[in-house]
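In what follows, a structure is listed as structure tokens, so that the remarks can point back to it.
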Amino acid sequence: MSLVESPMRNRLNRHALLVIVAAIVFVTGAGADEINLPDMGSPADAILSSNDEAQFGRAIMRDIQNSGKVVEDPLVTEYINEVGNRIAAQTNDGDHDFTFFVIEDHRINAFALPGGFIGVHTGLLEATRSEDELAGVLAHEIAHVTQRHIARAIHASSRQSLLSTAIMLGAMIAGAVGGDTDVMQAGMAVAQGTAAQQQINFTRSNEHEADRVGISALADAGFDPYGMASFFDVMSRQNTRAPDERAPEFLMTHPVTSSRIAEARDRARNYDPVRTEDSISYGIAKVRVIVDRFDTAKEAVAYFENRAYQNQNEIERYGRMLAYMRDGSYGKALDIVESLMDRNPKVIAYHIALGDTQVKLGRQDEGLKTYENAIKLFPRNVPLVIAYAERLLDLKQAKKAHTILLDLLNQVQPTPDQVRLIARAASEADEHAESLYYLSEYRFMMGDLNGGISYLQQALQLPELQEIQRIRFEARIDFIREFMTEEQLRNMQRARPSSKSARNGS
């Protein structure tokens, strides 16, 4: 479950390069018109290899995770990864591992990090009118990664003033991520000039290339190839809003013009027309984001009660049920979810909602039975197992929660939030050594090597520690030490607990 990184090669000033890499998340730049660029012999490799890209991406991703803005809803996360990987399978040459995630941000935007990390704002998910439109955005961002636009942009930047480019792009990402337009405008003013204009030109070239590659992958994955142009059209209409209203972030980071929309439509005509229907998973992910958007449960309930229940479709009724659950109206929620289950028992989200509602109503045995039956139908489904484990912990059945989480997380790559959950389960099951081990892995995933080793050292001081655990923990420390700086090693030595303090429980 470890995500430990090896040291980055310092080919460029690390701070300036990190600023550029992070900024290109939103303003990608390079200049080539080919749809497929060969990796062998690419001049971009002289600046940033594929391995370096992956390491940079993981470093930036850790910062995003530390910000607390990543949506940890397993149903939303699993859905966005299913759609993204379905598209990536059509355009990926095998050199990229993709991870898709959702950011809690109601501005409309999406972005690609180096190394295949692709983020979607909750605002963009809400703004899409269909699954094809969402898939079109993901296809565009995937193309930025597979075409190595980030490495190519840095290669282009190396011919200009690295400092001025870093200032400009750093200011743009600061404004885009933090919503601080003053920071963005001030940074842009400092970096005005030829280098800035050249970078913007590279950006436009990459945007068109990502459109071309993305539409091809979109069609090959079975989505409507017009999905990308359709969403561009939605965004272009936002430009007609009142001048005092701020344009969506998507327009700032992915400039949409009438000619670009026309080109996307023309390209889509080259593929056979397809008739698609939105999946139930798309509706569930979108409505879950909508329910969480409201500041209070009462506002969420009012939103869904604004329309008569008999006039609502399946997804709207599911959203209404979620709003009732958030408001504590579990009886109302149960009536709806039982009806949904009768109509469509293959939807995992309905099983989760039914089990949760039954537990909340005090019908614990019935609720756990609902979960157990669902696990048999959908073994090792991530959202289902995570929800089941959370209910088991609520009901003081920590040992069982630890067992099912360990079985799941040995099969799938866990998120940091899931590692914290299994650490909690182990702790409440009085398996303290394993709990400390999981906490160490969580700290490693967040980039805190000293913090992770500190947890392992605490575990080594436990009197109940088994010999096999001691060997495993010590081997883990030795492995992590290989990736630590001299300063980190000194800090580790100073923080190491003494045997006396450990015996005293300090």
In the range 273-305, GluC sites (Glu not before Pro) in a DSSP loop with at most 10 other beta-carbon atoms within 10 Å:
Glu277
Per 5 angstrom bin, beginning at 0 and ending with the bin that holds the maximum distance, the Cα pairs of the range 293-378 fall in percents of 3, 16, 26, 23, 18, 10, 5, 0
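Over the range 385-480, what per residue volume does the convex hull of the Cα atoms give, in whole Å³?
92 Å³
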Two pseudo-spin positions, 7 Å from Cα along C-beta at Ser236 and at Leu489, lie apart in nanometres by 6.0 nm
Roughly what would the spin-label model give for Ile477 and Asn313, points 7 Å off Cα along C-beta, in nm?
5.8 nm
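Any read-out appearing in this document is the output of simple, stated calculations on the displayed coordinates, not a laboratory observation. These numbers were taken from a predicted model, which means no experiment stands behind them. As a convention, Cβ positions derive from the backbone with ideal geometry for all residues, glycine included, and neighbour counts pool all protein chains shown.
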